[in-house]
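To start, the structure itself, in structure tokens.
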Amino acid sequence: MSKWAPFFVLSVILLMVVSAPIVTRYDPLQIDLDNVRARPSLTHPFGTDAKGRDIFSRVLYGGRVSLGISFVASTLSFVIGFSVGLVAGWYRQWLDSTLMAIVDLTLAFPSLLLAIGISILLPPNSYGTVIAISVVGWAVFARLTRGQVLLIKRMAYIDAAKALGLSNLRILLFHVLPQCLSLGSAMIGLKFGGYILTEASLSFLGLGTQPPTPSWGNMINENRTYILSEPWMVIPPGLAIALSVFCFNLIGDLYGERHH
């Protein structure tokens, strides 16, 4: 497989999702009781669901929700975890012990189960999903960044900067932070696929985005009873999740090897 294949597939998915109003003329919320559970056709490429809504349209608009939530959650997780890891690795002592204890406690729980537990305490909507994923995801970035900072602190140019009288804050912001960013950004690529799966899982369980607003997870949940009789109602959102996660994982691997 060409290394550019995941970039191409992901670009097509993102382009279609962003251009949803142009790609499809159907409203994803429009109910058409005359076309209930229609098979795939030229009019409805992916068929329609139990309420006559165009599945192709709902997959595209649902992608906006699923990928948007995953993007916001990954960015928030990165910012929080990166900041915590940077501070913990540089200042050490009691601050490092306290922050890393919180990190260890967060990582001690299976991420999906912890996200479900947090989501139960929050309103079942997109904002609650972002918070749940971010609370679970930041710890990995914190531990990775801390390890990188500890490595950088031993380098000669850091000792030289201290000898020149530069403040800790200046060294941290201008000499340590840039060296950690590339590794952190590579980690985002590796974790983004997991965030998509977590968002889909929470939506499937009814803890995320609520119908009638489409997301890939709640589309599978709504149509799961028809998986044997009308599989076209479940396969498109499932395939969208699988392809997106697969491509992001491959891209994350490639980017990680590049910065290894």
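The values are calculated or read from the model by the stated rules, or taken from the named source; none is laboratory data. Bear in mind the structure is a predicted one, so any value in this text is a computation, not a measurement. Heads up, the Cβs are rebuilt from the backbone with ideal geometry, glycines too, and the neighbour counts pull from every protein chain shown. Accessible surface is based on the protein model in full, side chains and every heavy atom, while ligands, DNA and RNA are left aside. Shrake-Rupley method; radii C 1.70, N 1.55, O 1.52, S 1.80 Å.
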*Just one of 103, 135, 87 is open to solvent by 10 Å² or more (accessible area, probe 1.4 Å), among the β-branched types (Val, Ile, Thr), part of a helix (DSSP H, G or I) and over 30 Å from residue 212 (Cβ atoms); which is it?*
87
*Are there any pairs with C-beta distances below 6 angstrom linking a residue in segment 42-58 that is without any contact (Cβ under 8 Å) to a residue 12 or more places away in the chain and surrounded by fewer than 24 Cβ atoms within 10 Å (Cβ to Cβ) to a residue that is of a type in the set (Phe, Trp, Tyr) and not in a strand (DSSP E or B), with the two at least 6 apart or on different chains, and if so which?*
45/56
*So, in segment 106-128, of the ones that are assigned to a helix (DSSP H, G or I), in contact (Cβ under 8 Å) with a residue 40 or more places away in the chain and not hydroxyl-bearing (Ser, Thr, Tyr), which residue ends up farthest from residue 84 (Cα to Cα)?*
120
*Among the candidates 194, 189, 217, 206, which residue alone is among the small types (Gly, Ala, Ser) and at positive phi?*
206
*Might you let me know whether segment 223-243 holds any residue that is modelled with pLDDT of 95 or more, assigned to a loop (DSSP other than H, G, I, E, B) and of a type in the set (Gly, Ala, Ser)?*
no
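Have a look at 207, 250 and point out the one that is touching a Pro at 6+ places or on another chain (Cβ under 9 Å), crowded, with 20+ Cβ neighbours inside 10 Å, over 20 Å from residue 29 (Cβ atoms) and in contact (Cβ under 8 Å) with a residue 24 or more places away in the chain. Can you show your working first?
Working: 250 fails: crowded, with 20+ Cβ neighbours inside 10 Å.
Exactly one residue qualifies, and that residue is 207.
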